[in-house]
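Note sheet for the following structure.
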Amino acid sequence: MNKQNWLRWTEWAIGIAVPMILFLTFQGINIWPVLIVGAALTALVIAVRMRGGDKGGAGGFGGLKQRRATNKSAIDNIRFEQIGGHERAKRELVEALDFLVKPEQIRQFGIRPLKGILLAGPPGTGKTLMAKAAAHYADAVFVGSSGSEFVEMYVGVGAGRIRDLFKEARQLALKQKKENAVIFIDEIDVIGGKREGGQQKEYDQTLNQLLTEMDGLYGDSSPRILVMAATNRKEMLDSALLRPGRFDRHIEVDLPDKKGRLHIIQLHAQNKPLAADVDLNRIAEETFSFSGAQLESVLNEAAIYAMRAEAKQITMEHMSQAIDKVMLGEKTDREANHEERRRVAIHELGHALVAEAVRPGSVSQVALSPRGKALGYVRHHSQQERYLYTKPYLEEQIMIALGGAVAEEMFYGNRSTGSQGDFDQSLNIVDTMINAGLTELGIVRLKNVTPDALSDATKAIMVELTDRTHTMLETQRTVFMSCLDVLIREENLTGEHFRCLIRDKKHLPV
Ligand code: ATP
């Protein structure tokens, strides 16, 4: 049992035992035998847990020791060079760390010491790695925790744990004779959410305690403590936490761009035997919108595929399977019947043909094998990173999504439930267009548009784009049929193979 569970059980035990003893006393029952047995049992449990702790076991009072040991070995290995991409974020962080690294200069210029750095960004982008690398860079001890560790139902427990965390950092720094300590709180939003009156008192107290501890940090105190926190939801945080003098340095740790992805892939490929055909650059292209954690997983899964296949090296085929697995989930055993397989093939080819028509060279795989919840899928790769989307681009995106349903209609005269996800995706894009003022509604606030007007505008866009997709695919019936036979036979078409089939027929619309 870890420290958190142990404390939770202790709270429960106290919560039940006290009312029971009072009840028995009022009933006139002799409670001494119960008290003696209870005390003996408690002493026994504590003794056992203390021994576990001495041995460095994972549980109980030894948990603290264990955490220190883990933290130390973890930061020994993490340096900024081992974090792929995020060059700007790393630079900003290094600059912010001057407070710990160059205290003399900071004092000379009368600069207010930095107390808190907030790392904000999607899950798995390397925020924890950044905090560990920062601790290593500043030759500091690292004490990590998570917002959820401070959440308890009893008022004051979370606040006590915050106090313990700061105490632990100070003690650890003294013990290791370090001048600096970095306290890292992951998921800070759990305790630092906006206080709007409806919140529990316990949350308020925990947050107040954190603010108090931070207010008590001074540049000339020894050890110097820097609090780093991470969140995926910066907009949820209470303004008291973000004001100057607290977490006033915000560093965005976003999803990596192509260059960043390549760097992360290269780092995680270092200890893996790669075959000559592996093109890391192409993998970086095909993993658009993957986080660092997902990229690490791609490399790991590819190695597992290679090992299972008893191959000596990891090939591009293993990599490709791994990307599909991370994106869509493991292959499933769902056996579609012949008719279903044909429909799925038509559906996927619909997506792929529209994609090749509007963005030539963008399809990297068309597959008919069930993965996760999908019975088939098309993998696209972005040829260019984009941060701004034009109306034509978004419309093309919707047409690619609608391609599956339109193709089913062309060949069967009806649609299936397989298009549900595509419609969701299309409608989300329409919402984006409306919010960005890219529709006939003009520049509007969604809350001021009546449901009828919204529904009419959405319907008009969807109908028009469905018609355009239909016209586009109609011109490709012949190429459709020849690709269909090959896809059903081979189950998987690489992007190159698919483009060869199309080129042979020369039926792509202009
Ligand atoms: P969360 O918000 O979910 O807590 P996080 O942003 O803190 O996630 P980390 O825990 O730092 O993410 O990263 C998880 C794993 O993903 C790392 O152990 C590492 O293997 C890999 N990883 C993530 N980002 C990078 C990166 N930029 N470079 C190298 N590896 C990375």
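The values are calculated or read from the model by the stated rules, or taken from the named source; none is laboratory data. Everything quoted here is computed from the prediction, not taken from an experiment. Counting neighbours? That spans all protein chains shown, and the Cβs are built from the backbone with ideal geometry, glycine included. These accessible areas exclude ligands, DNA and RNA; they are computed on the full protein's heavy atoms, side chains included. Shrake-Rupley method; radii C 1.70, N 1.55, O 1.52, S 1.80 Å.
How would the stretch 369-422 be classified by its alpha-carbon gyration tensor: rounded, prolate or oblate, with rounded meaning a/c under 1.5 and the a/b versus b/c comparison settling the rest?
Oblate shape, in that a/c is at least 1.5 and b/c is the bigger or equal ratio.
With the full set of protein chains in place, find how many percent of the accessible area of the chain is carbon and sulfur; take the probe as 1.4 Å.
For the chain, the apolar C and S fraction of the accessible surface comes to 56 percent.
Can you give the Rg and Dmax of the stretch 273-337 based on its C-alpha atoms, in angstrom?
12.3, 39
Do any of 132/258; 178/259; 259/459; 234/459; 272/373; 127/175 go past 32 Å between their Cα atoms, and which?
Violating the 32 Å limit, Cα to Cα: 178/259; 259/459; 234/459.
Divide by every residue of the chain the summed helix terms, -39500 (n - 2.57) for each DSSP H run of at least 4, and state the resulting mean residue ellipticity at 222 nm, rounded to the nearest 500 deg cm²/dmol.
Computed mean residue ellipticity for the chain: -18500 deg cm²/dmol.
To the nearest 10 square angstrom, what accessible area does residue 167 show with a 1.4 Å probe?
Answer for residue 167: close to 110 Å² accessible.
Can you compute the modelled spin-label distance between residue 79 and residue 300, with each label point 7 Å from Cα toward Cβ, in nm?
Computed distance between label sites residue 79 and residue 300 equals 2.4 nm.
When ligands, DNA and RNA are left out and all protein chains stay put, how many square angstrom of accessible area per residue does the chain have with a 1.4 Å probe?
52 Å²
Hey, got the dipole for the chain? About the Cα centre, +1 on K and R Cβ, -1 on D and E Cβ, debye to the nearest 20?
In debye, rounded to 20, the chain gives about 1920.
Among DSSP beta bridges lying fully in the chain, give the percent that are antiparallel, nearest 5.
30 percent
Along the Cα→Cβ direction, 7 angstrom out, place labels at residue 208 and residue 20. What is the inter-label distance in nm?
3.3 nm
List every residue whose amide H lies under 5 Å from the amide H of residue 230, counting only residues 5 or more places away in sequence or on a different chain, with H placed 1.01 Å from N in the peptide plane.
119, 185, 186, 187, 188
Among 34, 190, what's the order by accessible area (1.4 angstrom probe), most exposed first?
34, 190
Need one number: nm distance between label points at residue 104 and residue 497, each 7 Å from Cα along Cα→Cβ, rounded to one decimal.
6.6 nm
Once you keep just the Cα pairs under 8 angstrom separated by 6 or more residues, what percentage relative contact order results for the chain?
Result for the chain is 11 percent.
Using only Cα atoms and rounding to the nearest 10 degrees, what angle (0 to 90) does helix 62-77 make with the longest principal axis of the chain?
50 degrees
With the Cα gyration tensor of the chain giving a ≥ b ≥ c as the square roots of its eigenvalues, does the rule (a/c under 1.5 for rounded; else a/b larger than b/c for prolate; else oblate) give rounded, prolate or oblate?
Prolate shape, in that a/c is at least 1.5 and a/b is the bigger ratio.
Which value, in Å³ per residue, describes the convex hull spanned by the Cα atoms of the stretch 199-349?
Here the figure is 239 Å³ per residue.
Give me P(r) over the stretch 338-505, computed from all C-alpha to C-alpha distances, binned every 5 Å, as integer percentages.
It works out to 1, 8, 18, 20, 19, 14, 9, 6, 3, 1, 0, in whole percents.
How large is ³J(HN,Hα), in whole Hz, for each residue of the stretch 303-317 in order, when computed from phi with the Karplus curve 6.51 cos²θ - 1.76 cosθ + 1.60 and θ = phi - 60°, using x for Gly and Pro?
With coefficients 6.51, -1.76 and 1.60, one gets 5, 5, 4, 5, 5, 5, 7, 6, 7, 7, 9, 7, 9, 5, 4 Hz.
Hey, what do the phi angles of the stretch 262-267 turn into as Karplus ³J(HN,Hα) couplings, whole Hz, using 6.51/-1.76/1.60 and θ = phi - 60°, x for Gly and Pro?
4, 4, 5, 4, 4, 5
Against the longest alpha carbon principal axis of the chain, how many degrees, from 0 to 90 and to the nearest 10, is the axis of helix 127-137 turned?
Around 50 degrees separate the two axes.
Pop the C-beta distance of residue 481 and residue 455 into the FRET formula with R0 = 35 Å and round what comes out to the nearest 0.05.
In this case the efficiency is close to 0.40.
Could you compute the FRET efficiency for residue 257 and residue 464, with r as their C-beta to C-beta distance and R0 at 35 Å, rounded to 0.05?
That pair, residue 257 with residue 464, gives E of 0.60.
Quick check: from the Cα gyration tensor, does the stretch 309-420 come out rounded (a/c under 1.5), prolate or oblate?
oblate
Where does helix 3-26 land angle-wise versus the long Cα axis of the chain, in degrees 0 to 90, nearest 10?
60 degrees
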